[in-house]
Amino acid sequence: MAAHATESESVVVPPMPERTPKALREAIAEHTPALLPDFDEHWKWAIADAYDLGPVPAFMALWWGEYALARDPKLDAHVRDLEHRAAYECTDIEEAKALLEEASKIHYRVRELEPGE
């Protein structure tokens with residue numbers, strides 16, 4: 001797994017880790033440490049004391065997407081801008097829906113990334 005630079009800037013985007021909670025946590029700690037307190041808190045609340053591993057796939061899907069965005073500052077800023085404009089700047093409901101749909105497509109796309117991408 002090698003980090004790659006975004007096309008338009010020289011910002012190095014780290015690769016996605018192996019798809020395990022441990023590897024994801026390590027990647028978050030190394031590359032997006034601001035997410036780590038929320039990741040750990042959510043893990044403790046939803047998984048750590050569970051007698052059933054049923055919630056793990058949903059937990060991983062959520063945090064996989066969060067990390068995928070946060071590791072790429074340009075993409076993260078773009079998505080946050082779309083969401084902000086839809087929530088606070090749009091006066092036209094159709095425009096707001098279009099902005100949120102674009103943000104949603106990006107959220108969905110990054111959740112589908114594979115390790116190493």
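State which residue pairs qualify: first residue more than 18 Å from residue 67 (Cβ to Cβ) and inside region 33-53, second residue in a helix (DSSP H, G or I) in any location, beta carbons under 8 Å apart, and separation of 6 or more residues or different chains.
Close Cβ pairs satisfying both conditions: 53/47.
Among the residues of region 80-110, write down those that are more than 20 Å from residue 65 (Cα to Cα) and charged (D, E, K, R).
Here is the first cut: in region 80-110, the ones more than 20 Å from residue 65 (Cα to Cα) are 85-98.
If the condition is that a residue be more than 20 Å from residue 65 (Cα to Cα) and charged (D, E, K, R), then 85, 89, 92, 94, 95, 97 are the ones that fit.
Can you find even one residue in region 106-114 that is without any contact (Cβ under 8 Å) to a residue 24 or more places away in the chain, of a type outside the set (A, V, I, L, M, F, W, C), closer than 25 Å to residue 13 by Cα and outside any helix (DSSP H, G or I)?
yes
Among the residues of region 60-82, write down those that are farther than 23 Å from residue 18 by Cα and either in contact with a strand residue (DSSP E or B) (Cβ under 8 Å, 6 or more places away or on another chain) or buried (at least 16 other Cβ atoms within 10 Å of the Cβ) (or both).
Passing the criteria: 79, 82.
In this structure, does residue 80 turn out to be modelled with pLDDT of 95 or more, out of contact with any Lys or Arg (no Cβ under 8 Å at 6 or more places or on another chain) and within 26 Å of residue 14 (Cα to Cα)?
Against the criterion (modelled with pLDDT of 95 or more, out of contact with any Lys or Arg (no Cβ under 8 Å at 6 or more places or on another chain) and within 26 Å of residue 14 (Cα to Cα)), residue 80 qualifies.
Which of the residues that make up region 33-59 are of a type in the set (Asp, Glu) and either within 13 Å of residue 22 (Cα to Cα) or assigned to a loop (DSSP other than H, G, I, E, B) (or both)? Please lay out each step first, then the result.
Taking region 33-59 as the starting set, the residues that turn out to be of a type in the set (Asp, Glu) are 38, 40-41, 49, 52.
Hits for region 33-59 are 40, 49, 52.
Looking at region 83-117 only, could you name the residues that are over 14 Å from the mean Cα position of the chain (by Cα), surrounded by 12 or more Cβ atoms within 10 Å (Cβ to Cβ) and small (Gly, Ala, Ser)?
86, 96, 98
The values are calculated or read from the model by the stated rules, or taken from the named source; none is laboratory data. All figures in this text were calculated on a predicted structure; none of them were measured in a lab. Cβ atoms come from the backbone with ideal geometry, glycine included; neighbour counts cover every protein chain shown.
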